[in-house]
């Protein structure tokens, strides 16, 4: 995953957000302390509490920051250049697969990591992670619906449900990668996701 630094000379707040993205993906939310964040960001505790009332407050801000910065990455991604909407959806999956490299902390999702730990402990964090994951899924809906119409696909599923399914597969793939300690299994799951979408459109009900 490319660097998410907000600017070439980030301020203390941006440094802390970058540190949160990196550390929480590497060692989990519970395993990341305020001291860890300050040390990684190169800022004092005073600077931390100037910008954030608590670690939980930073986590909520980090989820929103993750959404904003990754949205910019996907908005300019090459899969958007395809004229055919199904080609865009399939190329999106290829793009996600291409990002899966290195140790899991470098390609897994901040929101997916945090929500697994904090969904029952802090509703603000849960809601911020929900907005991030569901919001990203929503960016796929228009292309999926356009592909359904273009290929005259009918069935008991919706563009929204398939968009969410892509995220369910990818988030699950990240968990498997963490369990095995490497990217190969996650790339394999992305390949299965692509085959599934191809089957829906080329071998599904088409009348």
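The values are calculated or read from the model by the stated rules, or taken from the named source; none is laboratory data. What you see is a predicted model; the values in this text were computed from it and never measured. Cβ placement follows ideal geometry from the backbone for every residue including glycine, while neighbour counts extend to all protein chains displayed.
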Of the conditions (1) over 30 Å from residue 102 (Cα atoms); (2) touching a helix residue (DSSP H, G or I) at 6+ places or on another chain (Cβ under 8 Å); (3) touching a residue at least 40 places away in the same chain (Cβ under 8 Å); (4) surrounded by fewer than 20 Cβ atoms within 10 Å (Cβ to Cβ), residue 160 satisfies every one except a single condition; which number is it? (3)
Residue pairs meeting the criteria (Cβ under 7 Å; at least 6 apart or on separate chains; first surrounded by 15 or more Cβ atoms within 10 Å (Cβ to Cβ), in region 63-76; second at pLDDT below 95 and not in a helix (DSSP H, G or I)): 69/4
Among (1) loosely packed, with under 15 Cβ neighbours inside 10 Å; (2) under 14 Å from the mean Cα position of the chain (by Cα); (3) closer than 20 Å to residue 186 by Cβ, where does residue 129 come up short? (1)
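Quick grid of which residues meet (1) within 24 Å of residue 112 (Cβ to Cβ); (2) not in a helix (DSSP H, G or I):
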site: 145; (1), (2): no, no
site: 148; (1), (2): no, no
site: 155; (1), (2): no, yes
site: 161; (1), (2): yes, no
site: 179; (1), (2): yes, no
site: 191; (1), (2): yes, no
Among 86, 17, which is under 21 Å from residue 124 (Cα atoms) and surrounded by 16 or more Cβ atoms within 10 Å (Cβ to Cβ)? 17
Restricting attention to region 36-60, which residues are touching a helix residue (DSSP H, G or I) at 6+ places or on another chain (Cβ under 7 Å), in a loop (DSSP other than H, G, I, E, B) and closer than 23 Å to residue 113 by Cα? 52
Can you name every residue in region 9-24 that is under 16 Å from residue 49 (Cβ atoms) and part of a loop (DSSP other than H, G, I, E, B)? 11
Those residues of region 68-82 which are under 15 Å from residue 97 (Cα atoms) and either in contact with a helix residue (DSSP H, G or I) (Cβ under 6 Å, 6 or more places away or on another chain) or part of a loop (DSSP other than H, G, I, E, B) (or both) amount to 77, 79
Condition (residue is out of contact with any strand residue (DSSP E or B) (no Cβ under 9 Å at 6 or more places or on another chain), buried (at least 17 other Cβ atoms within 10 Å of the Cβ), in contact (Cβ under 8 Å) with a residue 60 or more places away in the chain and not in a helix (DSSP H, G or I)) applied to region 25-35: is it met by at least one residue? yes
Please give the number of the condition residue 135 fails out of (1) farther than 19 Å from residue 28 by Cα; (2) without any contact (Cβ under 8 Å) to a residue 40 or more places away in the chain. (2)
Subset of region 97-125 [assigned to a helix (DSSP H, G or I), touching a residue at least 60 places away in the same chain (Cβ under 8 Å) and in contact with a helix residue (DSSP H, G or I) (Cβ under 6 Å, 6 or more places away or on another chain)]: 97, 104, 105, 110, 112, 113, 114, 118, 124, 125
